[in-house]
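Read through the structure below, which is laid out as structure tokens, and then see the notes.
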């Protein structure tokens, strides 16, 4: 978690900033599992299209955006050396707007006849995302010499801007506020920037430093760290132009898939060369995630060149979701124990818990087994089932339990442990 210059308490945001987002993401994951369970039990009767919209956007906004924005508030000082001033208040605004926006959007999809809900969803989500992007970009653009990670994060945030603009266009079209002449094209671009630009580029950018830092691996090849993220973004921009002009983008999709395949292969190679080859669930999450990324990109590559079945398309979607969640879970199990120890130690508590006392490695391993079982079950089935829904609920429920345990450990230490008073 340290950059070359170290991380001071003045740089780090309060731990509540990060945990607020992480806990909320876990809750949205639990709610999603329960929603799917209600669908499998025929308690809620929604069309497959409506169900798909709710699932995709709960995962992408309620779960992934919450995890990723929370992590960025913490990791920008570490990976980019920039600090967001008064982070608690600003993070609360982003968190509140995002949480309400996700809930309103879910109801908008479920009650599609209510146009006001679509407008409110676009307003809340747009405000949350654009405000978060503004807070982070205004600090990142001040950097004179970017690292591969800080440059990549900047590009990922730019992708999030495009994703949000296209998303608002789609919501306002669904609500009947605009004609939405280019609806299908914008929908395709919205998903491309969300998955390949925002989610994938952010994971790639962060990995350039944290894989080597956390696991003591060889560095990524310089050609990958220097050119991969900017090349992917350039291809996405070119795809946007071609899609809006009505031209084929097959070659671009193939190229993007090949580049991500190369990245995932190199990441697995680096992790296998780590100098601390101990059993670590977070490494397993990374390896499993990269394997799923390879699977997803391979299917996308094949699907760009040949006609594939709906089963293979389903497999690609589940594999990508599994990839993104795997990396997020790996980061959570590294970030939360460290931050708990770091903040309590810097506050002067003599009995600050060690990282394995905050979330024991065995608990992370249990989650890994649950997560693998969940993803493999969803891969092998092509429909919503009771067992699959229960597994998803249990997976996020276990993470929620571990986060609450860490929070309680933090509060207990502050209330009951002896504190060293520095100075006179």
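The numbers here are math on the coordinates, done by the rules we state, and not lab data. Since the model is a prediction, treat every value here as computed from it, not as a measurement. Don't worry about glycine lacking a Cβ; one is built from the backbone with ideal geometry, like all the others, and counts go over all protein chains shown.
Could you tell me the relative contact order of the range 197-282? Use alpha-carbon pairs under 8 Å, at least six residues apart, and round to a whole percent.
42 percent
For the range 1-143, state what percent of all Cα-Cα pairs lands in each successive 10 Å bin, counting from 0 Å until the bin that includes the largest distance.
Using 10 Å bins, I get a P(r) of 12, 37, 28, 15, 7, 1 for the range 1-143.
May I ask you to order 134-140, 331-337 by the average number of other C-beta atoms within 10 Å around their residues, highest value first?
Result, highest mean first: 331-337, 134-140.
Specify the angular offset, from 0 to 90 degrees and rounded to the nearest 10, of the alpha carbon long axis of helix 48-57 from the longest principal axis of the alpha carbons in the chain.
That works out to roughly 30 degrees.
Please order 371, 314, 356, 95 by the number of other Cβ within 10 Å, starting at the fewest.
Fewest to most other Cβ atoms nearby, the residues stand as 356, 314, 95, 371.
Only Cα pairs under 8 Å and at least 6 apart count here; give the relative contact order of the chain as a rounded whole percent.
So the answer I get is 18 percent.
Cα centroids of the range 371-388 and the range 32-105: how far apart, whole angstrom?
22 Å
Can you give the three extents of the C-alpha atoms in the range 98-171 along their principal axes, from longest to shortest, in whole Å?
Dimensions of the range 98-171 along the principal axes of its Cα atoms: 50, 16, 14 Å.
Would you mind calculating the gained length between residue 381 and residue 347 on full extension (0.36 nm times residue separation, minus the Cα-Cα distance), in nm to one decimal?
Gain on extension, residue 381 to residue 347, equals 7.3 nm.
Assuming 0.36 nm per residue, please report the length gained on full extension of the stretch residue 92 to residue 306 beyond their Cα-Cα distance.
Here the segment from residue 92 to residue 306 would lengthen by 72.4 nm.
Quick one: helix 200-215 against the long Cα principal axis of the chain, what's the angle to the nearest 10°, folded into 0 to 90?
30 degrees
Helix 15-40 sits at what angle to the longest principal axis of the chain, using alpha carbons and giving 0 to 90 degrees rounded to 10?
Once rounded, one gets 40 degrees.
When the helices in the chain are scored as -39500 (n - 2.57) per DSSP H run of 4 or longer and the sum is shared across all residues, what 222 nm value do you end up with, to the nearest 500 deg cm²/dmol?
Per the formula, -25500 deg cm²/dmol.
What's the FRET efficiency of residue 114 with residue 43 using the Cβ-Cβ distance as r and R₀ = 22 Å, to the nearest 0.05?
It comes to 0.55.
Note down the nm distance, to one decimal, between modelled labels 7 Å out along Cα→Cβ at residue 416 and at residue 188.
6.0 nm
Extending each Cα 7 Å along its Cβ direction at residue 365 and residue 405, get the distance between those two points in nm, one decimal.
1.3 nm
Over the range 1-143, what relative contact order in percent results from Cα pairs under 8 Å that are six or more residues apart?
Across the range 1-143, relative contact order equals 29 percent.
Which entry in (i) 149; (ii) 132; (iii) 209 is this structure's computed volume of the Cα convex hull per residue in Å³?
Answer label, from the structure shown: (i).
Suppose R0 equals 25 Å; then what is the FRET efficiency for residue 141 and residue 226 from their Cβ-Cβ distance, rounded to the nearest 0.05?
The formula returns an efficiency of 0.85 here.
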